Every structure is written in C-alpha cells, then in structure tokens.
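Here the structure is laid out as structure tokens; the discussion comes afterwards.
Please treat every number below as a calculation from the coordinates, not as lab data. Owing to the predicted nature of the structure, the values given are computational and were not obtained by experimental measurement. Every residue, glycine among them, receives a Cβ derived from its backbone with ideal geometry; neighbour counts consider all protein chains shown.
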Amino acid sequence: MSNTLSYPELATLIQARAGVAVDPLELERPGASFDDFGVDSLGLLGVVGELENRHGVKVTNGAESAKTPAEFLELVNSVVTAKAGA
C-alpha cells in the first residue's frame, strides 16, 4: 500500500464515509471544491477518521476543514509521509 492518498482512493473513501459518489477525475479538476460535490466537513471528518485508523496517525490538523480535494490531499499526505519517514 502506498503511503500517499490518491484522487481515486479519496473518491472511494468519500463514497464509503460521506455517502457521496464522486468521479476521481472531477476531484482533480483545477478549482474543484468539496461544495461542488456536496461533501461537507462532517463527511470529510468520516474520511479523516478512516485514514487515521488506517495509518495510525492523527491527520485532523485542518484536513476536515479543507475546501478543495487538492488541499485535503496535500494536508493528509504531508502528515502520512512524515509519519512514514519517522
């Protein structure tokens, strides 16, 4: 398993934890926001919880408040890769 979260993996987690089906290619669209897809902070909190369980590290440092998929991936991946390198 990769230490970084990809757009397809994020789309799968959003469907599983927020109950919203999202096309991974749409998540990658420049300027795309979670509001565009109907994903709120509570849905993102579910995704964050899954990632914390999966990686054994706290990733809530603002990730649940991210406005865009790109911002979310940057926050989560920076925490996960820092833990992997520790």
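Got the relative contact order for the chain handy, in percent, Cα pairs under 8 Å and 6 or more residues apart?
Details: 105 pairs, mean separation 27.1, N = 86.
Once divided by the residue count of the chain, the mean separation gives 32 percent.
Measure nothing but the geometry: give the 0 to 90° angle between the long axis through the Cα atoms of 7-18 and the longest principal axis through the Cα atoms of the chain, rounded to 10°.
On a 0 to 90 degree scale, this one is about 80.
What FRET efficiency comes out for D23 versus E71 if R0 is 25 angstrom and r is the Cβ-Cβ distance? Round to the nearest 0.05.
Numbers: r = 19 Å, r/R0 = 0.74.
Plugging the Cβ-Cβ distance into 1/(1 + (r/R0)^6) gives 0.85.
Report the trypsin sites (Lys or Arg not before Pro) located in region 11-86 that are in a DSSP loop and have at most 14 other Cβ atoms inside 10 Å of their Cβ, or state none.
Values: sites: R17, R54, K58, K67, K83; in loops: K58, K67.
Answer in residue order: K58, K67.
Against the longest principal axis of the chain, how steep is helix 41-55, in degrees 0 to 90 to the nearest 10, with axes from Cα atoms?
Tilt of helix 41-55: around 30 degrees.
Per-residue HN-Hα couplings for region 71-80, Karplus 6.51 cos²θ - 1.76 cosθ + 1.60 at θ = phi - 60°, whole Hz, x for Gly and Pro?
Taking θ as phi minus 60°, the curve returns 5, 4, 4, 4, 5, 5, 5, 5, 6, 5 Hz for region 71-80.
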